[in-house]
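The values are calculated or read from the model by the stated rules, or taken from the named source; none is laboratory data. Small disclaimer: the values here were computed from a predicted structure and weren't measured. Heads up, the Cβs are rebuilt from the backbone with ideal geometry, glycines too, and the neighbour counts pull from every protein chain shown. Just so you know, the surface numbers come from the protein's heavy atoms only, side chains and all, with ligands and any DNA or RNA stripped out. Shrake-Rupley method; radii C 1.70, N 1.55, O 1.52, S 1.80 Å.
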Amino acid sequence: MTDAGAPRRFETTHWSIVRAAGGDDSKARTALSSLCETYWWPLYWFARRRGASVEDAQDLTQGFLTRLIDKQEIRNADQERGRFRTFLLTAFTHYNLNEAQRDRTEKRGGGQAALSLEFETAEGRYQLEPKDARTPESIYNRRWAITVLDGALQQLRREETAAGRFVEFELIKPALLGHSPTGGYEAWAHTLGSSEGAIKVAVHRLRKRFQRVLRDAVSDTVSSESEVEDELKFLMDALRR
């Protein structure tokens, strides 16, 4: 477990995976594939908000990520640009403008299997978004923030499950997102057969650990420690839009 007081070490960030995958490191390319399968939803929502049909948005997203991995165009990625979020959106926009049509006439992936992307689920969630005046960039940033937040929650769930506290975690998880139970902590204590004081301690512990996990998740998407706080604030702002 990471020491909450220790500085984050930037040795295994998303950028380090991108750099390694630009060479011949098959493990890094596999890791990059995993990253793409994690962060594709914001790209898909961006394409949809820009006016792409469901089918075209699927083709654009799949085509871009396949090219990113299989054709090693990430050799051109520059960590000095800062944030992985910005890098992906810039590269995706460039792909839409310059490469997508050509890829549609080719067999994508060079014989490689397509990424496993749950487009039906993503489209269903997209349809729940309000039909307002938010820009494609705003939609992308909000979906990115949700993805990072969900990843942190999933990691915390795994930790709590391994420690035998799955039921407790699932019950008090809303407190990590700023929600309070109907009836207060006493209601949670009654459900768990515990005391209100014990619940308060558990909530405090989980909040502290969640902040650390979320910070580490954000650290993975930037190039230096100095960018972490700004990125955290940016993501929180994006969630409120």
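Table for the structure above
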{"read-out": "Where the range 131-174 is the region considered: accessible area per residue in Å², 1.4 Å probe", "value": "48"}
{"read-out": "Probe 1.4 Å - accessible area at F166, Å² to nearest ten", "value": "90"}
{"read-out": "Counted charge near A189, where neighbours are those whose Cβ lies closer than 13 Å (Asp, Glu -1; Lys, Arg +1)", "value": "-2"}
{"read-out": "Spin-label pair L97/D150, simplified geometry with 7 Å Cα→Cβ offset, distance in nm", "value": "2.9"}
{"read-out": "Charge tally in the Cβ shell below 14 Å around V201, where Lys, Arg are +1 and Asp, Glu are -1, V201 excluded", "value": "+4"}
{"read-out": "Neighbour net charge for R240 - beta-carbon separation under 13 angstrom, K R +1, D E -1", "value": "+3"}
{"read-out": "A133-T121 pseudo-label distance in nm [points 7 Å out on the Cα-to-Cβ vector]", "value": "3.5"}
{"read-out": "Heavy-atom accessible area ranking, 1.4 Å probe, most first, across T191, T161", "value": "T191, T161"}
{"read-out": "Computed lengthening from T161 to D70, 0.36 nm per intervening residue step minus Cα-Cα distance", "value": "29.2 nm"}
{"read-out": "Area of L89 that stays accessible when all protein chains are in place (1.4 Å probe, Å², to 10)", "value": "30"}
